[in-house]
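The values are calculated or read from the model by the stated rules, or taken from the named source; none is laboratory data. Here the structure is a predicted model, which is why all the values come from computation and not from measurement. Positions of Cβ are generated from backbone atoms using ideal geometry, with glycine treated the same way; all protein chains shown enter the neighbour counts. These accessible areas exclude ligands, DNA and RNA; they are computed on the full protein's heavy atoms, side chains included. Shrake-Rupley method; radii C 1.70, N 1.55, O 1.52, S 1.80 Å.
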Amino acid sequence: MPAVSNVLVVGAGLAGTATAIGLATAGVPVDLIDVKPKVSAIGSGITMQGNGLRELRRLGVWDEVLAAGYSFDSLGLRAPDPAGTLLAEIPDARTGGPDLPATVGLPRPELARIVVDRAVAVGAKLRLGTSVRSLSQDDGGVDVVFSDGSAGRYDLVVGADGIRSATRRMIGISDEPRPTGMGIFRAFGPRPASVTRTDLYYGGPSYIAGYCPTGENTLYAYIVEDARDRSALPPAERLAAMRALAESYHGPWDDIRETLTDPATVSYTLFEALVVPAPWNRGRVVLIGDAAHACPPTLAQGGAQALEDAAVLAELLLSHAAPGDALWAEFTARRFERARTVVEASCQLGQWQLDHEQGDLPGLMATITALVSQPA
Ligand SMILES: Cc1cc2nc3c(=O)[nH]c(=O)nc-3n(C[C@H](O)[C@H](O)[C@H](O)COP(=O)(O)OP(=O)(O)OC[C@H]3O[C@@H](n4cnc5c(N)ncnc54)[C@H](O)[C@@H]3O)c2cc1C
């Protein structure tokens with residue numbers, strides 16, 4: 001018997017849908033809600049590393065992920081010089097195992113659609129445009145009132161509602177994300193033939209300029225700078241600012257810059273970090289994914305870590321008899337240090353750049369690669 005006989009999952013991002021798939025596949029009734037009216041509408045692309053791919057395969061969506069994305073096994077380092085000189089071509093670690101690519105780039109809306117469709121196909125009941133108005137729990141369950149006035153009682157509530165989690169505040173956890181000092185322009189557009197993997201350009205007028213192919217015909221490109229309040233910039237000026245920074249990057253960037261013409265494809269986001277101290281549960285309500293720990297995308301591990309949380313949580317809920325201390329102790333033991341280490345390494349990498357310090361980048365990368373190569 002699983003530890004729970006019904007579960008509410010709040011948030012249909014990677015963490016929430018993966019939890020819903022894991023539980024619903026095993027026959028546990030799951031309600032999956034999201035405040036957004038349409039979950040696949042979020043733009044741009046995502047770089048999914050091998051350890052995240054391993055979890056996606058476990059969820060039964062590997063063929064679709066592979067078909068929707070662009071896989072590659074090396075990372076290029078280029079100079080911010082007039083030729084975009086290729087400095088090094090580094091074989092990328094296959095952290096999900098030798099039978100998976102090192103990396104797959106995907107359009108975010110496609111990945112969202114794939115996992116949400118899978119959750120629904122295995123039996124999760126999805127309600128969009130819905131949030132939690134109130135939660136109250138006793139020893140036997142959690143009473144939930146939803147934004148539309150309806151109500152339900154659950155054995156467990158999973159707060160997978162992202163970096164600004166309302167569930168986190170509802171259970172009295174006051175930790176909030178902190179800015180790390182960097183901001184990122186991202187643009188989604190057509191893939192020129194010259195882009196067949198991620199290349200990173202360190203230095204120039206920004207800290208990092210890079211790109212990731214997300215399909216035969218698409219990519220996303222990004223430029224990381226000192227954090228600035230660009231929230232008031234009209235879309236056309238945002239595009240102009242990204243183009244101006246991109247002028248210093250060459251090689252494949254020359255092709256990408258040509259296509260940077262649609263203001264609607266460019267976004268700007270500040271980097272933030274968060275580690276909620278363990279445990280991540282208060283009684284029968286538990287936080288996972290960005291709601292519990294969030295990293296700046298310098299190592300592109302946030303999505304993978306969210307998927308790992310979901311996998312471990314679902315496994316424990318299916319193997320323990322009750323959602324009690326033993327289950328939460330094991331969840332903490334398997335997830336807290338691993339997620340914290342990834343967040344801290346992601347922050348460290350950015351901090352070295354902010355401080356214009358060399359830092360032991362190879363050492364840091366080796367530590368994280370070894371860590372995430374181990375199954376969650
Ligand atoms: C600029 C940037 C680039 C990134 N690039 C990468 C990358 O390349 N690779 C990678 O692995 N990671 C990357 N990440 C991190 C990654 O996006 C996150 O770690 C991952 O999306 C976390 O998944 P999640 O399901 O926990 O949260 P989310 O994806 O944020 O999903 C949360 C869901 O909850 C819903 N929600 C929010 N509030 C409520 C509410 N009150 N009620 C109901 N639903 C609610 C939201 O609508 C959303 O659907 C990046 C992050 C940033 C900021």
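For segment 5-26, how many residues are in contact with an Asp or Glu (Cβ under 7 Å, 6 or more places away or on another chain) and surrounded by fewer than 22 Cβ atoms within 10 Å (Cβ to Cβ)?
2
Can you tell me how many residues within segment 272-294 are more than 6 Å from the ligand (Cβ to nearest atom), open to solvent by 30 Å² or more (accessible area, probe 1.4 Å), out of contact with any His (no Cβ under 8 Å at 6 or more places or on another chain) and closer than 16 Å to Asp175 by Cα?
5
Could you tell me which of the residues Asp81, Asp99 is part of a loop (DSSP other than H, G, I, E, B), open to solvent by less than 50 Å² (accessible area, probe 1.4 Å) and on the phi < 0 side of the Ramachandran plot?
Asp81
Filtering segment 102-123 down to residues that are under 14 Å from Ala304 (Cα atoms) and open to solvent by less than 10 Å² (accessible area, probe 1.4 Å), which residue is farthest from the chain's Cα centre (by Cα)?
Ala102
Which one of the conditions (1) open to solvent by less than 40 Å² (accessible area, probe 1.4 Å); (2) touching a residue at least 60 places away in the same chain (Cβ under 8 Å) does Pro297 fail to meet, given that it meets all the rest?
Among (1) open to solvent by less than 40 Å² (accessible area, probe 1.4 Å); (2) touching a residue at least 60 places away in the same chain (Cβ under 8 Å), the lone unmet condition for Pro297 is (1).
Can you name the condition, by its number, that Asp31 falls short on among (1) modelled with pLDDT of 95 or more; (2) open to solvent by 30 Å² or more (accessible area, probe 1.4 Å); (3) over 25 Å from Tyr222 (Cβ atoms); (4) touching a helix residue (DSSP H, G or I) at 6+ places or on another chain (Cβ under 8 Å)?
All conditions are met except number (4).
Among the residues of segment 215-228, is there at least one that is free of Cβ contacts under 8 Å to residues at least 40 places away in the same chain, within 17 Å of Leu270 (Cα to Cα) and among the polar types (S, T, N, Q)?
No, because not a single residue in segment 215-228 is free of Cβ contacts under 8 Å to residues at least 40 places away in the same chain, within 17 Å of Leu270 (Cα to Cα) and among the polar types (S, T, N, Q).
How about segment 162-183: which of its residues are of a type in the set (A, V, I, L, M) and farther than 22 Å from Val224 by Cα?
Selection gives Ala166, Met170, Ile171, Ile173.
Tell me which strands (runs of 3 or more DSSP E) are completely within segment 145-226 and hold 1 or more residues being of a type in the set (Gly, Ala, Ser), modelled with pLDDT of 95 or more and loosely packed, with under 14 Cβ neighbours inside 10 Å, or say none if there are none.
Qualifying strands (runs of 3 or more DSSP E): 151-154.
Exactly one of these conditions fails for Thr85: (1) more than 25 Å from Trp280 (Cβ to Cβ); (2) of a type in the set (S, T, N, Q); (3) within 15 Å of the ligand (Cβ to nearest atom). Give me its number.
The one condition Thr85 does not meet is (3).
Assess whether Arg186 counts as being among the charged types (D, E, K, R) and free of Cβ contacts under 8 Å to residues at least 60 places away in the same chain.
Against the criterion (among the charged types (D, E, K, R) and free of Cβ contacts under 8 Å to residues at least 60 places away in the same chain), Arg186 does not qualify.
Every residue, every condition in (1) in contact with a helix residue (DSSP H, G or I) (Cβ under 8 Å, 6 or more places away or on another chain); (2) at pLDDT below 95; (3) within 17 Å of Gly215 (Cβ to Cβ), yes or no:
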site	(1), (2), (3)
Val61	yes, no, yes
Leu66	no, no, yes
Ser71	no, no, yes
Ala83	no, no, no
Asp92	no, yes, no
Pro101	yes, no, yes
Val104	yes, no, yes
Ile114	yes, no, yes
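Of everything in segment 1-18, what is polar (S, T, N, Q) and within 9 Å of the ligand (Cβ to nearest atom)? Give them in sequence order.
Thr17
In segment 31-60, what residues are within 10 Å of the ligand (Cβ to nearest atom) and part of a helix (DSSP H, G or I)?
Val39, Ser40, Ala41, Asn51, Gly52
Looking only at segment 231-253, how many residues end up being open to solvent by 50 Å² or more (accessible area, probe 1.4 Å) and either more than 16 Å from the ligand (Cβ to nearest atom) or within 27 Å of Leu75 (Cβ to Cβ) (or both)?
9
Condition first: among the acidic types (Asp, Glu) and either within 30 Å of Asp226 (Cα to Cα) or within 16 Å of the ligand (Cβ to nearest atom) (or both). Now tell me which residues in segment 295-335 satisfy that.
Of everything in segment 295-335, those that are among the acidic types (Asp, Glu) and either within 30 Å of Asp226 (Cα to Cα) or within 16 Å of the ligand (Cβ to nearest atom) (or both) turn out to be Glu308, Asp309.
Sort through Asp117, Asp148 and tell me the only one that's without any contact (Cβ under 8 Å) to a residue 60 or more places away in the chain and under 30 Å from Ala221 (Cα atoms).
Asp117
When you check Gly159 against the structure, is it within 12 Å of the ligand (Cβ to nearest atom), over 23 Å from Val65 (Cβ atoms) and in contact (Cβ under 8 Å) with a residue 60 or more places away in the chain, yes or no?
It is true that Gly159 is within 12 Å of the ligand (Cβ to nearest atom), over 23 Å from Val65 (Cβ atoms) and in contact (Cβ under 8 Å) with a residue 60 or more places away in the chain.
Among (1) open to solvent by 30 Å² or more (accessible area, probe 1.4 Å); (2) under 19 Å from Val10 (Cβ atoms); (3) within 16 Å of the ligand (Cβ to nearest atom), which single condition is Gln137 missing?
Gln137 satisfies every listed condition except (3).
Is at least one residue of segment 333-341 more than 17 Å from the chain's Cα centre (by Cα), surrounded by fewer than 17 Cβ atoms within 10 Å (Cβ to Cβ), of a type in the set (Gly, Ala, Ser) and over 15 Å from Val276 (Cα atoms)?
no
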